[in-house]
1. Among the numbered conditions (1) away from the ligand (no atom under 16 Å from the Cβ); (2) surrounded by 18 or more Cβ atoms within 10 Å (Cβ to Cβ); (3) not in a helix (DSSP H, G or I), tell me where PRO93 comes up short.
2. Kindly establish whether GLU5 is open to solvent by 20 Å² or more (accessible area, probe 1.4 Å) and farther than 20 Å from ALA144 by Cβ.
3. Got a sec? Which of GLY31, GLY63, GLY25, GLY86 is in contact with a Leu (Cβ under 7 Å, 6 or more places away or on another chain) and open to solvent by less than 50 Å² (accessible area, probe 1.4 Å)?
4. Could you please let me know if VAL132 is open to solvent by less than 30 Å² (accessible area, probe 1.4 Å) and among the β-branched types (Val, Ile, Thr)?
5. Hey, does the range 214-235 have a residue that's open to solvent by 30 Å² or more (accessible area, probe 1.4 Å), assigned to a helix (DSSP H, G or I) and within 16 Å of the ligand (Cβ to nearest atom)?
6. So which residues in the range 236-264 are farther than 23 Å from ALA154 by Cβ and either open to solvent by 90 Å² or more (accessible area, probe 1.4 Å) or of a type outside the set (S, T, N, Q) (or both), if there are any at all?
7. When the range 12-31 is examined, which residues are found to be in a helix (DSSP H, G or I) and either closer than 28 Å to ASP150 by Cα or within 23 Å of the chain's Cα centre (by Cα) (or both)?
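The values are calculated or read from the model by the stated rules, or taken from the named source; none is laboratory data. Since this is a predicted model, take the numbers as computed values, not measurements. No Cβ is skipped: glycine too gets one built from the backbone with ideal geometry, and neighbour counts run over all protein chains shown. Just the protein is used for accessible areas: all its heavy atoms, side chains included, with ligands, DNA and RNA removed. Shrake-Rupley method; radii C 1.70, N 1.55, O 1.52, S 1.80 Å.
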Amino acid sequence: MEVVETIEDVRRLVSQARLVGRGIGFVPTMGALHEGHYSLIDAARARGLFVVVSIFVNPTQFGPNEDYAAYPRTTESDLSGCRAHGSAVVFMPTAEVMYPPGRVTEVCVPSLSGALCGASRPGHFTGVCTVVSKLFNIVAPDAAFFGAKDYQQATIIRRMTADLNFPIEIVVCPTVREADGLAMSSRNRYLSAGERAQAVCLSEALALAGDLIRRSHPPAGQVKAAMREHIERRAPLGRVDYINIVDPDTLRDVETTDRAVQAALAVQFGRARLIDNARLEP
Ligand code: AMP
(Lines give C-alpha, C1' and ligand atoms only; values in the text may rest on other atoms or scores of the structure.)
Protein backbone atom coordinates (compact mmCIF):
# COMPACT_ATOMS: atom_id res chain seq x y z
CA MET A 1 0.00 0.00 0.00
CA GLU A 2 1.34 3.43 -0.94
CA VAL A 3 0.69 6.48 1.22
CA VAL A 4 1.04 9.72 -0.73
CA GLU A 5 0.50 13.40 -0.11
CA THR A 6 0.71 14.99 -3.54
CA ILE A 7 -1.72 15.12 -6.46
CA GLU A 8 1.07 14.08 -8.86
CA ASP A 9 1.76 10.93 -6.84
CA VAL A 10 -1.89 9.82 -6.79
CA ARG A 11 -2.25 10.46 -10.50
CA ARG A 12 0.92 8.49 -11.25
CA LEU A 13 -0.22 5.48 -9.20
CA VAL A 14 -3.71 5.57 -10.72
CA SER A 15 -2.31 5.74 -14.29
CA GLN A 16 0.01 2.83 -13.56
CA ALA A 17 -2.94 0.77 -12.31
CA ARG A 18 -4.96 1.69 -15.40
CA LEU A 19 -2.08 0.68 -17.67
CA VAL A 20 -2.28 -2.85 -16.30
CA GLY A 21 -6.04 -2.88 -16.83
CA ARG A 22 -7.32 -2.16 -13.34
CA GLY A 23 -10.53 -0.23 -12.68
CA ILE A 24 -10.27 2.39 -9.96
CA GLY A 25 -12.47 2.54 -6.84
CA PHE A 26 -12.40 5.61 -4.62
CA VAL A 27 -13.39 5.97 -0.96
CA PRO A 28 -13.25 9.56 0.30
CA THR A 29 -13.03 9.92 4.10
CA MET A 30 -12.02 12.30 6.84
CA GLY A 31 -10.11 9.58 8.74
CA ALA A 32 -10.78 8.30 12.26
CA LEU A 33 -11.78 5.20 10.34
CA HIS A 34 -14.18 2.56 11.65
CA GLU A 35 -16.04 -0.44 10.27
CA GLY A 36 -18.40 1.86 8.36
CA HIS A 37 -15.49 3.23 6.33
CA TYR A 38 -13.92 -0.21 5.95
CA SER A 39 -17.19 -1.56 4.55
CA LEU A 40 -16.79 0.92 1.67
CA ILE A 41 -13.25 -0.30 0.98
CA ASP A 42 -14.53 -3.90 1.11
CA ALA A 43 -17.32 -3.07 -1.36
CA ALA A 44 -14.80 -1.58 -3.79
CA ARG A 45 -12.46 -4.57 -3.37
CA ALA A 46 -15.36 -6.96 -3.92
CA ARG A 47 -15.65 -5.47 -7.41
CA GLY A 48 -11.99 -6.14 -8.05
CA LEU A 49 -11.11 -2.44 -8.13
CA PHE A 50 -7.76 -0.82 -7.35
CA VAL A 51 -8.81 1.09 -4.23
CA VAL A 52 -7.75 4.63 -3.48
CA VAL A 53 -8.79 5.96 -0.05
CA SER A 54 -8.46 9.65 0.74
CA ILE A 55 -8.05 10.85 4.30
CA PHE A 56 -8.57 14.60 4.48
CA VAL A 57 -10.29 16.57 7.22
CA ASN A 58 -11.81 19.12 4.90
CA PRO A 59 -11.79 22.56 6.54
CA THR A 60 -14.35 24.06 4.14
CA GLN A 61 -17.16 21.77 5.29
CA PHE A 62 -16.89 22.82 8.95
CA GLY A 63 -18.72 25.85 10.29
CA PRO A 64 -16.90 28.39 12.46
CA ASN A 65 -18.28 26.88 15.68
CA GLU A 66 -17.81 23.25 14.66
CA ASP A 67 -15.15 20.71 15.61
CA TYR A 68 -12.57 21.11 12.79
CA ALA A 69 -9.57 21.61 15.08
CA ALA A 70 -10.71 18.89 17.46
CA TYR A 71 -11.85 16.39 14.79
CA PRO A 72 -10.26 13.04 15.72
CA ARG A 73 -7.05 12.27 13.83
CA THR A 74 -5.90 8.65 14.18
CA THR A 75 -3.52 8.25 11.25
CA GLU A 76 -1.60 5.18 12.38
CA SER A 77 -4.61 3.02 13.04
CA ASP A 78 -6.31 4.37 9.88
CA LEU A 79 -3.35 3.27 7.76
CA SER A 80 -3.17 -0.17 9.30
CA GLY A 81 -6.94 -0.60 8.75
CA CYS A 82 -6.65 0.52 5.12
CA ARG A 83 -3.80 -1.95 4.62
CA ALA A 84 -5.73 -4.79 6.27
CA HIS A 85 -8.74 -4.12 4.02
CA GLY A 86 -6.61 -4.16 0.87
CA SER A 87 -6.46 -0.49 -0.17
CA ALA A 88 -3.79 0.12 -2.78
CA VAL A 89 -3.27 3.84 -2.17
CA VAL A 90 -4.04 6.23 0.66
CA PHE A 91 -4.04 9.87 -0.38
CA MET A 92 -3.47 12.20 2.58
CA PRO A 93 -3.12 15.72 1.19
CA THR A 94 -2.45 18.75 3.35
CA ALA A 95 -4.90 21.66 3.32
CA GLU A 96 -2.32 23.60 1.25
CA VAL A 97 -2.33 20.92 -1.44
CA MET A 98 -6.14 20.92 -1.65
CA TYR A 99 -6.62 24.67 -1.23
CA PRO A 100 -3.66 26.60 -2.61
CA PRO A 101 -3.74 30.39 -2.30
CA GLY A 102 -5.96 32.10 -4.85
CA ARG A 103 -8.55 29.37 -5.23
CA VAL A 104 -12.08 30.76 -5.36
CA THR A 105 -14.21 28.18 -7.16
CA GLU A 106 -16.98 26.41 -5.27
CA VAL A 107 -19.42 23.69 -6.26
CA CYS A 108 -22.89 23.75 -4.77
CA VAL A 109 -26.21 21.96 -5.19
CA PRO A 110 -28.52 24.56 -3.66
CA SER A 111 -31.90 22.89 -3.98
CA LEU A 112 -30.79 19.82 -2.01
CA SER A 113 -28.49 21.57 0.45
CA GLY A 114 -30.85 23.76 2.48
CA ALA A 115 -32.91 21.04 4.17
CA LEU A 116 -32.02 18.60 6.98
CA CYS A 117 -28.36 19.00 8.00
CA GLY A 118 -27.95 21.98 5.65
CA ALA A 119 -30.38 24.03 7.74
CA SER A 120 -28.17 23.92 10.82
CA ARG A 121 -24.87 23.70 8.91
CA PRO A 122 -24.94 26.52 6.32
CA GLY A 123 -22.19 26.09 3.73
CA HIS A 124 -21.47 22.52 4.79
CA PHE A 125 -22.58 20.86 1.56
CA THR A 126 -20.81 23.44 -0.59
CA GLY A 127 -17.63 22.43 1.24
CA VAL A 128 -18.44 18.76 0.65
CA CYS A 129 -19.30 19.19 -3.05
CA THR A 130 -16.22 21.32 -3.69
CA VAL A 131 -13.81 18.88 -2.09
CA VAL A 132 -15.47 15.81 -3.61
CA SER A 133 -15.36 17.40 -7.10
CA LYS A 134 -11.68 18.16 -6.65
CA LEU A 135 -10.99 14.62 -5.42
CA PHE A 136 -12.97 13.17 -8.34
CA ASN A 137 -10.80 15.16 -10.74
CA ILE A 138 -7.60 14.18 -8.94
CA VAL A 139 -8.31 10.45 -8.57
CA ALA A 140 -10.52 10.02 -11.67
CA PRO A 141 -12.07 6.77 -10.41
CA ASP A 142 -14.54 4.52 -12.20
CA ALA A 143 -16.65 4.19 -9.05
CA ALA A 144 -16.82 6.12 -5.78
CA PHE A 145 -18.23 4.64 -2.58
CA PHE A 146 -20.30 6.53 -0.01
CA GLY A 147 -22.24 5.50 3.10
CA ALA A 148 -26.02 5.62 3.42
CA LYS A 149 -25.50 6.96 6.95
CA ASP A 150 -24.97 10.38 5.38
CA TYR A 151 -28.12 10.20 3.28
CA GLN A 152 -28.31 13.85 2.29
CA GLN A 153 -24.64 13.83 1.33
CA ALA A 154 -25.08 10.72 -0.84
CA THR A 155 -28.15 12.24 -2.51
CA ILE A 156 -26.33 15.50 -3.25
CA ILE A 157 -23.21 13.73 -4.56
CA ARG A 158 -25.33 11.60 -6.89
CA ARG A 159 -27.05 14.72 -8.25
CA MET A 160 -23.78 16.62 -8.61
CA THR A 161 -22.12 13.70 -10.41
CA ALA A 162 -24.97 13.48 -12.90
CA ASP A 163 -25.28 17.25 -13.38
CA LEU A 164 -21.54 17.80 -13.91
CA ASN A 165 -21.12 14.67 -16.08
CA PHE A 166 -18.44 13.08 -13.95
CA PRO A 167 -17.93 9.65 -15.58
CA ILE A 168 -18.09 7.99 -12.17
CA GLU A 169 -20.53 5.44 -10.77
CA ILE A 170 -21.73 6.45 -7.30
CA VAL A 171 -22.20 3.43 -5.05
CA VAL A 172 -24.07 3.96 -1.78
CA CYS A 173 -23.43 1.24 0.83
CA PRO A 174 -25.61 0.38 3.84
CA THR A 175 -25.05 2.00 7.24
CA VAL A 176 -22.86 -0.11 9.52
CA ARG A 177 -24.14 -0.15 13.11
CA GLU A 178 -22.98 -1.09 16.58
CA ALA A 179 -24.67 -4.12 18.15
CA ASP A 180 -27.36 -1.95 19.80
CA GLY A 181 -28.19 -0.12 16.54
CA LEU A 182 -26.15 3.08 16.92
CA ALA A 183 -24.78 4.08 13.50
CA MET A 184 -20.98 4.00 13.57
CA SER A 185 -19.45 7.46 13.35
CA SER A 186 -16.07 9.02 13.97
CA ARG A 187 -17.85 11.37 16.35
CA ASN A 188 -19.15 8.55 18.58
CA ARG A 189 -15.83 8.67 20.39
CA TYR A 190 -16.85 12.06 21.82
CA LEU A 191 -19.69 10.41 23.78
CA SER A 192 -19.48 9.91 27.54
CA ALA A 193 -20.67 6.53 28.84
CA GLY A 194 -24.04 8.04 29.77
CA GLU A 195 -24.45 9.72 26.39
CA ARG A 196 -23.39 6.53 24.60
CA ALA A 197 -26.10 4.57 26.38
CA GLN A 198 -28.74 7.10 25.32
CA ALA A 199 -27.45 7.54 21.76
CA VAL A 200 -29.30 4.40 20.70
CA CYS A 201 -32.43 6.60 20.77
CA LEU A 202 -31.81 7.66 17.14
CA SER A 203 -32.07 4.17 15.66
CA GLU A 204 -34.90 3.35 18.07
CA ALA A 205 -36.86 6.39 16.89
CA LEU A 206 -36.38 5.29 13.27
CA ALA A 207 -37.57 1.78 14.10
CA LEU A 208 -40.60 3.23 15.88
CA ALA A 209 -41.39 5.40 12.85
CA GLY A 210 -41.05 2.35 10.60
CA ASP A 211 -43.52 0.40 12.74
CA LEU A 212 -46.04 3.26 12.72
CA ILE A 213 -45.85 3.69 8.97
CA ARG A 214 -46.10 -0.03 8.26
CA ARG A 215 -49.07 -0.37 10.59
CA SER A 216 -51.20 2.64 9.63
CA HIS A 217 -49.16 5.18 7.58
CA PRO A 218 -50.29 8.17 9.69
CA PRO A 219 -49.59 11.80 8.64
CA ALA A 220 -45.87 12.63 8.75
CA GLY A 221 -46.49 15.13 11.58
CA GLN A 222 -47.72 12.35 13.84
CA VAL A 223 -44.75 10.16 13.06
CA LYS A 224 -42.31 13.01 13.78
CA ALA A 225 -44.08 13.78 17.06
CA ALA A 226 -43.82 10.14 18.15
CA MET A 227 -40.11 10.09 17.29
CA ARG A 228 -39.49 13.29 19.26
CA GLU A 229 -41.46 12.02 22.22
CA HIS A 230 -39.42 8.81 22.26
CA ILE A 231 -36.11 10.67 22.14
CA GLU A 232 -37.07 13.17 24.81
CA ARG A 233 -38.18 10.36 27.12
CA ARG A 234 -35.28 8.01 26.37
CA ALA A 235 -32.40 10.49 26.08
CA PRO A 236 -32.46 13.43 28.52
CA LEU A 237 -28.81 14.11 27.61
CA GLY A 238 -29.73 14.60 23.94
CA ARG A 239 -31.08 17.71 22.22
CA VAL A 240 -33.01 17.20 19.01
CA ASP A 241 -31.63 19.29 16.15
CA TYR A 242 -34.17 18.07 13.60
CA ILE A 243 -36.51 15.20 12.89
CA ASN A 244 -37.82 15.16 9.34
CA ILE A 245 -39.71 12.96 6.97
CA VAL A 246 -38.86 13.78 3.40
CA ASP A 247 -39.20 12.66 -0.18
CA PRO A 248 -36.20 10.34 -0.76
CA ASP A 249 -35.20 12.15 -3.98
CA THR A 250 -36.04 15.81 -3.51
CA LEU A 251 -35.48 15.86 0.30
CA ARG A 252 -38.61 18.03 0.58
CA ASP A 253 -40.88 17.52 3.60
CA VAL A 254 -43.81 15.21 2.96
CA GLU A 255 -47.20 15.38 4.66
CA THR A 256 -48.28 11.79 4.12
CA THR A 257 -46.56 8.44 4.58
CA ASP A 258 -48.52 6.26 2.19
CA ARG A 259 -45.49 5.75 -0.09
CA ALA A 260 -41.74 5.32 0.52
CA VAL A 261 -40.29 8.19 2.55
CA GLN A 262 -36.94 8.95 4.13
CA ALA A 263 -36.88 9.68 7.85
CA ALA A 264 -33.80 11.58 8.98
CA LEU A 265 -32.76 13.07 12.29
CA ALA A 266 -29.91 14.78 14.10
CA VAL A 267 -29.47 14.81 17.86
CA GLN A 268 -26.75 16.65 19.74
CA PHE A 269 -25.13 14.85 22.69
CA GLY A 270 -22.54 17.10 24.30
CA ARG A 271 -19.91 17.75 21.61
CA ALA A 272 -21.23 15.01 19.35
CA ARG A 273 -23.86 15.76 16.75
CA LEU A 274 -25.24 12.39 15.70
CA ILE A 275 -27.27 11.72 12.56
CA ASP A 276 -29.18 8.74 11.27
CA ASN A 277 -31.84 7.98 8.66
CA ALA A 278 -33.89 5.17 7.20
CA ARG A 279 -36.09 4.47 4.20
CA LEU A 280 -39.60 3.70 5.47
CA GLU A 281 -42.28 2.03 3.40
CA PRO A 282 -45.98 1.56 4.19
P1 AMP B 1 -16.53 10.65 6.95
O2 AMP B 1 -15.14 10.19 7.25
O3 AMP B 1 -17.39 10.76 8.16
O4 AMP B 1 -16.57 11.86 6.05
O5 AMP B 1 -17.21 9.49 6.11
C6 AMP B 1 -16.61 9.00 4.93
C7 AMP B 1 -17.56 8.06 4.25
O8 AMP B 1 -17.86 6.97 5.13
C9 AMP B 1 -18.91 8.72 3.91
O10 AMP B 1 -19.33 8.25 2.63
C11 AMP B 1 -19.81 8.21 5.00
O12 AMP B 1 -21.17 8.16 4.61
C13 AMP B 1 -19.25 6.82 5.21
N14 AMP B 1 -19.65 6.32 6.53
C15 AMP B 1 -19.47 6.92 7.73
N16 AMP B 1 -20.03 6.20 8.72
C17 AMP B 1 -20.59 5.12 8.12
C18 AMP B 1 -21.33 3.99 8.60
N19 AMP B 1 -21.63 3.84 9.89
N20 AMP B 1 -21.75 3.07 7.71
C21 AMP B 1 -21.48 3.22 6.37
N22 AMP B 1 -20.77 4.26 5.87
C23 AMP B 1 -20.34 5.19 6.72
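1. (1)
2. Details: open to solvent by 20 Å² or more (accessible area, probe 1.4 Å): yes; farther than 20 Å from ALA144 by Cβ: yes.
Taking the combined requirement at face value, the residue satisfies it.
3. The match here is GLY25.
4. It is true that VAL132 is open to solvent by less than 30 Å² (accessible area, probe 1.4 Å) and among the β-branched types (Val, Ile, Thr).
5. Within the range 214-235, not a single residue is open to solvent by 30 Å² or more (accessible area, probe 1.4 Å), assigned to a helix (DSSP H, G or I) and within 16 Å of the ligand (Cβ to nearest atom).
6. Pass one, the range 236-264, residues farther than 23 Å from ALA154 by Cβ: 236-239, 255-256, 258.
Scanning the range 236-264 gives PRO236, LEU237, GLY238, ARG239, GLU255, ASP258.
7. Of all residues in the range 12-31, those in a helix (DSSP H, G or I) come to 12-19.
Listed by number, the list holds a single entry, VAL14.
Listed here are the residues, each with its yes/no results for (1) closer than 25 Å to CYS108 by Cα; (2) open to solvent by less than 20 Å² (accessible area, probe 1.4 Å).
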site	(1), (2)
MET160	yes, yes
LEU164	yes, no
GLU178	no, no
TYR190	no, no
GLU195	no, no
CYS201	no, yes
ALA207	no, no
